[in-house]
Amino acid sequence: MVQYHIQPDSEIPASKQLFDQIQFAIASRQYPPGHRLPSTRQLAMLTGLHRNTISKVYRQLEETGLVESQAGSGIYVKEQGHEGGPQGQASILRQYPEAYKIVQKSLDELLSQGCSLREARELFLSEIDWRLRCSARVLVTVPSRDLEAGKLMIREIEQSLGIPVELVPLEELSTALDQTNSGTVVTSRYFIGEVLETAAPKSVRVIPVDIHDYAQELEIVKDLPKDSCLGVVSLSAGTLGVASIIIHSLRGDELLLMTAQVDDTYKLHALVRAAQTIICDHASYDRVKAAISAARDDLIRPPKLIRSENYIGTKSINLLKRELGLG
């Protein structure tokens, strides 16, 4: 424990004596970063000074940036410079110790290649700034023929990431990108070739997302009895087209397959009355459920309704979070 010596008869004020001794203890690392300083009561007992005097010294230390007060906990020595990251963000280092090691390793590699610290800093900052600018505007793009697929993507991105997203038809993407200096374009891997061709000359990045693998739903399709009627409902016509092909490849003519976009009331009601099992996307679930309820008097047995929870794969959502700096 640091020993304090206060000369009460000195011309130097007792508060100045205490301030300098604590400052020295911090500078000499007797009080290392993160160390909790004695309470005003403890320090009053050690020095014989009034607690108000000690509180004044602690406030002065806090104003100099040497210590920080944590409500309900006490006064702590503040991490500084390299040990604490920019502006002493020690809590970030404690939260992501492995990430900090990666930063250190990356910096060492840059220096070994001849970069100066200033140049390395510029490289890091320019990349971070560019990603922040890209995150400021996020566009989802799909061809006009299947804007509903884009709506499904936007629904899940906004729910998962909590950010506003714009839907732009692929045919209008070039014009939209001419009106922005930077941004991120998100699309399904189905359309990545067309999107890259449009976005390549622009100052944007393109992130393709993978759709959900629908493994559980496909297992259900495999196990359906022969000659049963399966209904598939989606917001997206493109999704229905792909689903029809995959289901046919699994079961051929063994199943009677009916599909309907959720906004096609006539087809939806016909499907509800004929199918024993209905698979729908999350966005269509409430409408399908309501249609089943409305037709209940005409049904011998209500169809089994299965809701697919995702359109975008979980890994792609996590990728977006990382790339957009949201997680």
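Remarks
- When Asp286 is tested against (1) farther than 17 Å from Ile211 by Cβ; (2) under 29 Å from the mean Cα position of the chain (by Cα); (3) at pLDDT 90 or above; (4) not in a helix (DSSP H, G or I), exactly one condition is not met: (4).
- Neighbours by Cβ (under 6 Å, 6+ apart or cross-chain): first from the range 21-45, at pLDDT below 85 and of a type outside the set (Phe, Trp, Tyr); second in a helix (DSSP H, G or I) and open to solvent by less than 90 Å² (accessible area, probe 1.4 Å): Pro33/Glu83
- Residue match in the range 237-256 (condition: under 30 Å from Val186 (Cα atoms), of a type in the set (S, T, N, Q) and free of Cβ contacts under 8 Å to residues at least 60 places away in the same chain): yes
- Of all residues in the range 21-56, those being open to solvent by 60 Å² or more (accessible area, probe 1.4 Å) and on the phi < 0 side of the Ramachandran plot number 14.
- Filter result (within 14 Å of the chain's Cα centre (by Cα) and charged (D, E, K, R)) within the range 156-174: Glu156, Glu158
- Scanning the range 293-318 for residues that are open to solvent by 50 Å² or more (accessible area, probe 1.4 Å) and not charged (D, E, K, R), we see that the one that is farthest from Ile128 (Cα to Cα) is Ile300.
- Taken residue by residue, the range 152-168 has at least one member that is of a type in the set (D, E, K, R) and either open to solvent by less than 20 Å² (accessible area, probe 1.4 Å) or touching a residue at least 40 places away in the same chain (Cβ under 8 Å) (or both).
- Scanning the range 160-173 for residues that are in a helix (DSSP H, G or I) and either in contact with a strand residue (DSSP E or B) (Cβ under 6 Å, 6 or more places away or on another chain) or under 15 Å from Asp281 (Cα atoms) (or both) turns up Leu170, Leu173.
A quick yes/no check of all residues on (1) assigned to a helix (DSSP H, G or I); (2) under 16 Å from Asp146 (Cβ atoms); (3) open to solvent by 10 Å² or more (accessible area, probe 1.4 Å):
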| position | (1), (2), (3) |
| --- | --- |
| Thr175 | yes, no, yes |
| Val185 | no, no, no |
| Val195 | yes, yes, no |
| Pro201 | no, no, yes |
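- Of all residues in the range 204-243 being among the acidic types (Asp, Glu) and part of a helix (DSSP H, G or I), the one that is nearest to Pro143 (Cα to Cα): Glu217
- Pairs where the first residue, in the range 264-279, is closer than 16 Å to Arg301 by Cα and touching a residue at least 40 places away in the same chain (Cβ under 8 Å) and the second is part of a helix (DSSP H, G or I) and open to solvent by 20 Å² or more (accessible area, probe 1.4 Å), C-beta under 8 Å, 6+ apart: Thr277/Ile220
- Residues in the range 244-281 that are open to solvent by 40 Å² or more (accessible area, probe 1.4 Å), assigned to a helix (DSSP H, G or I) and closer than 16 Å to Ile220 by Cβ: Ile246, His248, Ser249, Leu250, Glu254.
- All positions within the range 11-20 that are open to solvent by 50 Å² or more (accessible area, probe 1.4 Å) and farther than 19 Å from Lys78 by Cβ: Glu11, Ile12, Pro13, Lys16
- Ala290 fulfils the conditions (1) among the small types (Gly, Ala, Ser); (2) open to solvent by 50 Å² or more (accessible area, probe 1.4 Å); (3) out of contact with any Leu (no Cβ under 9 Å at 6 or more places or on another chain); (4) in contact (Cβ under 8 Å) with a residue 60 or more places away in the chain except for a single criterion, (4).
- Among the residues examined, Val206 qualifies as crowded, with 17+ Cβ neighbours inside 10 Å, among the hydrophobic types (A, V, I, L, M, F, W, C) and modelled with pLDDT of 85 or more.
The values are calculated or read from the model by the stated rules, or taken from the named source; none is laboratory data. Please read all numbers here as calculations on a predicted model, not as lab measurements. Backbone-built Cβ (ideal geometry, glycine too); neighbour counts: all protein chains shown. For accessibility, only protein heavy atoms count, side chains too; no ligands or nucleic acids. Shrake-Rupley method; radii C 1.70, N 1.55, O 1.52, S 1.80 Å.
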